[in-house]
Structure formats: structure tokens, C-alpha cells
1. Any chance you could get the radius of gyration and Dmax over the Cα atoms of the range 106-298, in Å?
2. Return the subset of LYS167/LYS219; LYS167/LYS246; LYS219/LYS248 for which the Cα-Cα distance in this structure is over 25 Å, preserving the input order.
3. Of all GluC sites (Glu not before Pro) in the range 118-170, which ones are in loop regions per DSSP and have a Cβ with at most 11 other Cβ atoms within 10 Å?
4. I'd like to compare 172-185, 223-236: which one has the highest average count of other Cβ atoms within 10 Å, and what's the full order after that?
5. Which residues in the range 279-299 place their backbone N less than 20 Å from a point set 7 Å from the Cα of ASP179 along the Cα-to-Cβ direction?
6. Filter the trypsin sites (Lys or Arg not before Pro) in the range 99-153 to those in DSSP coil with at most 16 other Cβ atoms within 10 Å of their Cβ, and list the result.
7. Name the GluC sites (Glu not before Pro) in the range 188-287 that are in a loop by DSSP and that have at most 13 other C-beta atoms within 10 Å, would you?
8. Please work out the ratio of the alpha-carbon Rg of the range 192-287 to 2.2 N^0.38 Å and round it to two decimals.
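Since every read-out is calculated from the coordinates, none of them should be taken as a lab result. Bear in mind that the values here come from a model prediction, so they are computed numbers and not experimental data. Quick reminder, even Gly has a Cβ in these numbers, built from the backbone with ideal geometry, and neighbours come from all protein chains shown.
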Amino acid sequence: MKKVFLAALMLVSTLTATAQNEKKSTVIENGNETTFIYPAKVIVNKGATTTVKITGETDGTEYTYDITQGENSKALYKETDTNWDFTIPFVNKKNTSLSGQQRGRFIIDPTFGFGLIGATEQGSNVDLSFGNGSFEYILDRIVGFEYKTTRKSHVGLTFGLDWRNYKMIGNNRWMKNGDNTFIAGYPEGADIDYSRLRTLSLTLSFMYGYDFNRYVNMKVGPVVSFNTRSNIKTCYTLNGESFKEKDKEINITPVTVDFRAELNFRFVGLYFKYSPCNVFNTNFGPAFKPMSAGLQFSF
């Protein structure tokens, strides 16, 4: 798992270096350059004269910019979006009519999250309440695609990773016997350290987003998890001897779904997830449905 984590961080670092965060429109007219951040609409009409109309909003203030130029003008219109730069001269060019800003775009917006895990509909002897030490790490939005539905809303598909640690407390521990996982007690007289079930998942998030303003936004939608790896580790001391018991290839449900909601302010956000799916295949382990809440940070 460490190799997977390091590889993911290297991928994020490489991709982040090539990404830009702002969408800009720039007009260069007679040597004077005017730049507009996040324009809502840019219309270029080519004829005997060329006209450009730019409308949008900056810090809550709406603006409109109009320019009309003849065929011999040296004015330029330039738009920058993520990894694409293109310049449209106002001289001898065809198909320069644009209707609105680019709606679809690939995104590289790596987001790291840390949250606490609880569970609902817990089976016999399962104790996974919030605060018992169960937690998760999330590396989301490594790469994805977004499509704007309106000026302030969009839908998106992003790829990520999710590590979850389900920790048992008290006198119970995770145990595996053949294909089955169950909850059992420790040997009598054992000095208990911990017992945890760990899962690693590849995730696809299908989210709807809404921008309240330039800095605050919310996202909601389902997250499909492909649960690729799992293991159990239990540590305790008995009669002065330390024991570390490990088991792999746990029969967890291969594909599960979470419903996720998040509220973000600049690069910091809050998230909540709930899954209606059991972590274990119910034929091979105790029933429980996880939920989690925590903080996330955009790089």
C-alpha cells in the first residue's frame, strides 16, 4: 500500500505542475492589454468589422466589454483555460464566432481529506461508533472532467483513492477463519493494543457542483468504490510476549457506493459520506454500513 500511496503522490505532483487554476479572457487593443477573470460569455462576430462582447462577474460586480475593429486592426482576443492557450487574430480568420465560454474541461485538482468513521446497522458485537479510533484518508480528484451546466453549476467525474481503517475497541478483535471474518475475544489475560480492518479503494465520483461565489462552493453526488485490497492486523501482549497477527484477502464487497456532500471555502472544505452498502459480503462477515465526516484540502 505504501508503494501505491507514493506512486499516487508522484502522479499528483507531476500533473499539478502543468495545471492552471483560472480561466481568463484577454483583449489586446492598440498595445493595451485587458484581462477578464472567469468570463461568463464571450461572443466574437466576424464581418466587414469584427465585434467582441465579453460579459461576466468579478467579486460580485458584473461587467460588459465591447470592442469593434476593422479588418486591418491589430487587436487580439486570447483565452486561457487549464492547459490550453489559443489566440484568435481579428485578420483573415474563419470560424471565429464563439458562443459562451468553454463548457467542458479536464481538471487536475488533487484534494487530500482526513475523516473519522462510524457505522450504522451494525451486526452483533460490532462497535464502530465515531470516536473509537476508526479513520480514513482520501486522495480525490487526481484527474477528472467537468462540464458546466450553467454559469454557476457543473457536473463532474473524478478519479481518486480511499484508505479506510475500521478499529475495534474493548475486548473484541477482528479474526479470519478460512473465507470468513468474524469478531472474537482476546486470549485471557492479554494486554490489548488494537485490532483493525484496512481497505484500499479506487473511487469514481459523480458530482454536481454549485458555486455560491468565487470562493465558496458545494458538491453532492454518489461515489463508486472499487475495493481492491484489504487486510486485518491485531496487536496484543500476553505473558510478556508481543503478538502481531495479520490476515490478507478478506472477503469484502468488491464494489460499493457512498453518497457524498461537501462544502468548500477556498482550499479548505468539510465533507460527509454515507454508504447504504455493507463492507463485508454478508455471507463472509458481520454487517455494518460505514459513514464518515472530516476535512479536506486542495493542493
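1. 18.7, 67
2. From LYS167/LYS219; LYS167/LYS246; LYS219/LYS248, over 25 Å: LYS167/LYS219; LYS219/LYS248.
3. Listed in order of number, the matching sites are GLU121.
4. Peptide ranking by packing, descending: 223-236, 172-185.
5. So the set is 279-288.
6. In loop regions of the range 99-153 (DSSP not H, G, I, E or B), the sparsely surrounded trypsin sites (Lys or Arg not before Pro) are ARG103, ARG151, LYS152.
7. GLU188, GLU249
8. 1.49
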